[in-house]
Amino acid sequence: MAKENNPNNAPKKPRFSSWWIYGVVIALIIGFQFFGGSTFTNTEKTTTSELQEFLRNGDINKIIIITNTRQAKVFLTDEALSKDVHKGVAEKPLLPSTSLVPQYVLDYGDLQIFQNEITEIKKENNLDTIIEFDTESNVLGELLLSLLPFALIIGIWIYLMRRMSGGAGGGAGGQIFNIGKSKAKLFDEKTDTRTSFKDVAGLEGAKEEVQEIVEFLKNPDKYTSLGGKIPKGALLVGPPGTGKTLLAKAVAGEAKVPFFSLSGSDFVEMFVGVGASRVRDLFKQAKDKSPAIIFIDEIDAIGRARGKNNFTGSNDERENTLNQLLTEMDGFGTNTNVIVLAATNRADVLDKALMRAGRFDRQIYVDLPDLNERKEIFEVHLRPIKTAETLDLDFLARQTPGFSGADIANVCNEAALIAARKEKKAVTKQDFLDAVDRIVGGLEKKNKIITPEEKKTIAYHEAGHATVSWMLEHAAPLVKVTIVPRGQSLGAAWYLPEERLIVRPEQMLDEMCATMGGRAAEKVIFNKISTGALSDLEKVTKQARAMVTIYGLNDKLGNITYYDSSGQNEYGFTKPYSEETAQKIDFEISKMIEAQYQRAIKLLDDNKDKLKELADRLLEKEVIFKDDLEKIFGKRPFEKEELEAAK
């Protein structure tokens with residue numbers, strides 16, 4: 001084991017530990033019990049009747065009656081100690097000496113009655129037993145008892161100070177004053193950081209940007225020789241799970257410069273001024289180790305826009321922390337070579353002063369991966385997975401539209417767990433499909449009690465979705481339909497939506513019609529509707545409202561939007577339109593949904609026999625796939641046209 005470098009061979013200061021506090025408190029309690037109590041380890045409790053019996057037998061040498069505690073101490077004669085009746089107390093160790101420690105102790109009631117009984121027995125038996133009266137004053141015990149609460153309070157206070165300061169060693173006073181120190185974790189060439197840019201799949205644009213930041217610090221003359229300035233900071237923005245923190249880890253692993261990593265919440269503290277102090281200390285450390293990188297994850301914890309929802313007045317701790325951060329970032333000289341990386345998925349709430357050029361010069365958007373990027377991400381996460389055969393990565397990428405990098409990592413892990421649960425030696429393609437179903441739909445509930453009538457309704461509902469989507473050109477192609485309950489749903493239809501960059505009105509209307517296919521099937525077959533279409537209604541209502549109020553795709557309202565992309569609602573709690581316009585919006589949304597509902601009913605009426613055949617097959621198998629639909633409906637007519645056009 002390598003020795004720590006200590007060139008001066010100076011003796012180390014003892015490390016402060018909270019266990020010292022606990023030890024002192026326990027010692028105080030034990031001392032109070034030992035010195036303050038009136039009973040010792042070798043003393044047994046007895047009763048008045050037993051005492052009278054011992055007295056008649058001549059076994060008692062002395063009785064000391066403590067008047068202020070209503071307690072009597074009983075000392076036996078040497079002959080009595082050899083008797084079997086007193087064998088238990090005779091064998092015990094006597095502390096501190098036989099002359100001071102009684103063999104028995106008892107609690108009496110009335111002093112006068114107790115004294116008269118003992119005196120009468122002594123006279124009747126002509127005994128020379130010594131009877132003394134005394135008062136017991138426990139000065140040491142009372143002192144310890146009075147100091148015990150203060151010792152506990154001091155111990156708890158020091159422990160809390162240590163926890164908030166985050167330090168491990170040094171004296172208690174030093175730890176208390178460390179509360180304003182930065183909590184950033186330092187990564188440098190001595191730290192084992194194994195993440196590299198090879199572990200970051202997809203995100204080519206974002207990866208190129210952060211690679212250039214590393215290059216800035218490694219070779220600054222390449223850029224400054226032409227008069228350019230090294231950027232002050234870069235902000236990684238994107239949905240959760242897309243790899244923002246992973247990019248920062250890769251920078252820490254690739255950069256051969258000190259890398260300070262911490263979260264935005266690390267600056268927030270209950271004490272006034274601590275956040276600003278930690279910001280100053282962080283940047284001081286970074287400047288001392290320049291060139292360096294500072295990474296602040298979830299910067300929205302301290303970077304929210306100032307002056308909003310501030311009910312505590314101007315002296316707001318979070319705002320003070322943000323002000324200090326703004327000052328530190330804008331106070332850099334061009335030659336300090338300190339770059340700030342930050343990540344957030346809520347860029348809309350950040351303060352405009354934080355976002356301006358000169359602080360965060362670059363904003364790198366990390367979006368959800370597309371088809372090719374998902375394939376690359378699967379390649380990374382499949383490396384440690386033991387698979388049964390060579391998996392078709394294109395197929396897996398197509399099965400996971402809209403998945404983030406974190407979701408894909410979860411799919412690979414879930415597939416391995418499913419294979420292990422089934423006692424398999426390797427993970428198969430079906431395990432990955434089951435993992436996708438598990439993540440999207442929830443846990444399969446095979447033992448859920450469903451009546452035959454409910455099961456039939458669910459089958460026709462899901463068959464309605466499948467039928468309408470099969471008949472519409474722009475609806476997402478079906479993968480499979482199941483009536484096995486998963487999560488909160490009683491049945492589900494899985495689709496592979498086309499990944500479009502722009503969406504046209506006819507495409508959105510076809511999707512709405514397919515979504516209403518479940519309720520339409522219940523109406524066509526049973527002439528009744530149920531509550532099973534709740535999630536469908538929620539989805540189409542959101543789509544219709546977006547078409548009317550956001551995308552301007554409604555003829556009646558025209559080319560207008562009420563969407564605020566900045567997230568700063570200038571209208572407060574009021575709607576940005578009049579009551580008359582609100583009525584128009586509600587009418588157009590209802591009209592649009594009802595039109596697609598009637599369209600779905602007509603499609604199902606025209607294909608009623610095929611709908612029933614599909615529902616019967618679903619009731620029989622519980623799970624059907626695209627091949628089953630092709631056997632019933634044949635090829636989709638517009639798919640043939642697309643194939644011919646492709647040829």
Cβ-Cβ distance below 6 Å, separation of 6 or more or different chains: which pairs start in the stretch 448-460 with a residue that is under 9 Å from Ile483 (Cα atoms) and end on one that is in a helix (DSSP H, G or I)? Ala459/Ala615; Ala459/Leu618; Ala459/Leu619
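Are any residues in the stretch 481-502 touching a residue at least 12 places away in the same chain (Cβ under 8 Å) and part of a loop (DSSP other than H, G, I, E, B), and if so, which ones?
Those that are touching a residue at least 12 places away in the same chain (Cβ under 8 Å) and part of a loop (DSSP other than H, G, I, E, B): Ile483, Val484, Pro485, Gly487, Gln488, Leu490, Gly491, Leu496, Pro497, Glu498, Glu499.
Just to check your reading of the model, which residue among Leu247, Leu186 is outside any loop (DSSP other than H, G, I, E, B), aliphatic (A, V, I, L, M) and open to solvent by 50 Å² or more (accessible area, probe 1.4 Å)?
Leu186
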Filtered residues of the stretch 55-91 (kept if open to solvent by 20 Å² or more (accessible area, probe 1.4 Å) and part of a helix (DSSP H, G or I)): Arg56, Asp78, Glu79, Leu81, Asp84, Val85, Lys87, Gly88, Ala90
When every residue in the stretch 225-241 that is open to solvent by 10 Å² or more (accessible area, probe 1.4 Å) and touching a residue at least 40 places away in the same chain (Cβ under 8 Å) is compared, the one nearest to Asp330 (Cα to Cα) is Lys232
Tally the residues that are open to solvent by less than 40 Å² (accessible area, probe 1.4 Å) and hydroxyl-bearing (Ser, Thr, Tyr), restricting the search to the stretch 388-415. 2
At pLDDT 90 or above and among the hydrophobic types (A, V, I, L, M, F, W, C), is that true of Leu509? yes
Count of residues meeting criterion [open to solvent by 30 Å² or more (accessible area, probe 1.4 Å) and either without any contact (Cβ under 8 Å) to a residue 12 or more places away in the chain or among the polar types (S, T, N, Q) (or both)] in the stretch 337-359: 4
Go through (1) open to solvent by 90 Å² or more (accessible area, probe 1.4 Å); (2) assigned to a loop (DSSP other than H, G, I, E, B); (3) at pLDDT below 80 and name the single condition Ile156 misses. (2)
So, Asp221, is that one at pLDDT 75 or above and acidic (Asp, Glu) or not? yes
Scanning the stretch 597-633 for residues that are among the basic types (Lys, Arg) and either in contact (Cβ under 8 Å) with a residue 60 or more places away in the chain or in contact with a strand residue (DSSP E or B) (Cβ under 7 Å, 6 or more places away or on another chain) (or both), the one nearest to Trp494 (Cα to Cα) turns out to be Lys626
Here are Arg278, Arg304: which of them is more than 19 Å from Leu235 (Cβ to Cβ) and not aromatic (Phe, Trp, Tyr)? Arg278
Counting just the residues of the stretch 416-457 that are in contact with a strand residue (DSSP E or B) (Cβ under 8 Å, 6 or more places away or on another chain) and not in a helix (DSSP H, G or I), which one comes out surrounded by the fewest Cβ atoms within 10 Å (Cβ to Cβ)? Leu443
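Can you name every residue in the stretch 360-372 that is closer than 18 Å to Asp392 by Cβ and open to solvent by less than 40 Å² (accessible area, probe 1.4 Å)?
Within the stretch 360-372, Pro369 is the sole residue that qualifies.
The values are calculated or read from the model by the stated rules, or taken from the named source; none is laboratory data. Values in this document were obtained by computation on a predicted structure and should not be read as measured data. Counting neighbours? That spans all protein chains shown, and the Cβs are built from the backbone with ideal geometry, glycine included. Accessible surface areas use protein heavy atoms only, side chains included; no ligands, DNA or RNA. Shrake-Rupley method; radii C 1.70, N 1.55, O 1.52, S 1.80 Å.
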